[in-house]
1. For the stretch 27-70, would you read off the P(r) tail past 17 Å as a percentage of all alpha carbon pairs?
2. May I ask you to give the average projected area over all directions of the convex hull of the Cα atoms of the stretch 18-123, in nm² rounded to one decimal?
3. Determine the calculated [θ] at 222 nm for the chain from helices alone, applying -39500 (n - 2.57) to every DSSP H run no shorter than 4 residues and normalising by the residue count; nearest 500 deg cm²/dmol.
4. State whether the stretch 102-166 is rounded, prolate or oblate according to the following rule on the C-alpha gyration tensor (a ≥ b ≥ c being the square roots of its eigenvalues): a/c under 1.5 gives rounded; otherwise a/b larger than b/c gives prolate, and the remaining case gives oblate.
5. Report, to the nearest 10°, how far helix 40-52 tilts away from the longest principal axis of the Cα atoms in the chain, using its own Cα long axis and a range of 0 to 90°.
6. Taking 0.36 nm per intervening residue step and subtracting the Cα-Cα distance, what contour gain separates residue 12 from residue 27 on full extension?
7. To test your reading of the geometry: what angle, between 0 and 90 degrees and rounded to tens, separates the Cα axis of helix 199-217 from the longest principal axis of the chain?
8. For the stretch 129-184, what's the radius of gyration and Dmax over Cα atoms, in angstrom?
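Read-outs: derived from the displayed coordinates by stated rules, not from any lab. Fair warning: this is a prediction, and the values are worked out from it, not measured in the lab. When we count neighbours, we look across all protein chains shown, and the Cβ atoms used for this are built from the backbone with ideal geometry, even at glycine.
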Ligand code: AMP
C-alpha cells in the first residue's frame, strides 16, 4: 500500500517559518507565491517547482498592499482547507500563511519597491499602486522564505515581467521561472476570481480566450490583423466591458508597430458582471506565426549574461 504524502509544515509566523526552514535538508528551495483559493493553475506551478527542486514552499497571503480601496480584498475567496489538500497532494514542504501583521509588523511599509513606468500601464493604469504592492511583498517573501527559485504564472504576464525586472534591476539572487497559463477545457483561464462569475457571466467570459485565439490565428498577417480579429470577437459580446486589448512588446509593454515581426504579448482585460478578468496569449507575429506556448528565453530572460 502506498503511503499518503506527508502534510506540509504550516507556518503562520516568522518564527514558525524559521523553524520549518531549519528542518529542510537542502538549500535548493523553490517558492510558489499565491493569494490562496488554489486551483489547478497554482497546482501546475507547484508541480513544476516540485519536479526541479529538493524543497517547495508555498506562500498563501492576501496582500492588502496590492489591493485598491474599491477592490475585492474583503470578498476574495478564502479556502484554506482545500488549499492545504492541494499542497499536500503536490508534495509541498512548507506552507507559509501569515496574516498582514506578520508580514507588515509596523503597519504599511513606508519604504516600498517602485515598479516604475512599466507598472503604470495596462493593469497598472486601472490599478494605481498595484505593482508597487506586488513587488514589495514578492521581495519580502523571497527574503523570508530564502528561496533560490521562484515560480510564477504567465497568466499574470505584466506581473511576471515586473518581477523579472525587479530581480534583474535589484540583483536578487533568485531564478525566476514562468509557467504557461492553465485553462478550463472550454478555454477560460483558471483564476481564483472565476468563483465570482455567475453561470451566465461565465459564458460571457469565454469571449476573452476566444478573442485571443482569433487574434493569434491572424498572426501571420501582421499586428493590425491580430488586433482586428481579436476585437471582432469582443464586440460580439457587449456584456464584456473591455478595459484594454493590446498587442505589445513583452519587454516594454508598448504597442508593436505594423512592420513588427516576432514575439509579442496579446493581452486583454474586461469586466464581466462584477468581476474584472485578465488573460493573454504569447504570439509569434509574422509568416508561420500563431499562438506560442511560452516566450523564448531571449524574449523573457531574467538575468544578465
Ligand atoms: P494568485 O493566487 O492569483 O496571486 O496567483 C499566484 C500565482 O499563480 C501567480 O504566479 C499567478 O500568475 C499564477 N496563476 C494564477 N492563475 C494561473 C493559471 N490559470 N495558470 C498558471 N498560473 C496561474
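1. That fraction is 39 percent.
2. Working: hull surface 34.7 nm².
In nm², the orientation-averaged hull projection of the stretch 18-123 is 8.7.
3. Helix contribution divided over all residues of the chain: -10500 deg cm²/dmol.
4. Oblate, because a/c is 1.5 or more while a/b does not exceed b/c.
5. 60
6. Gain on stretching residue 12 to residue 27: 3.3 nm.
7. Once rounded, one gets 70 degrees.
8. According to the Cα coordinates of the stretch 129-184, Rg and Dmax are 11.3, 36 Å.
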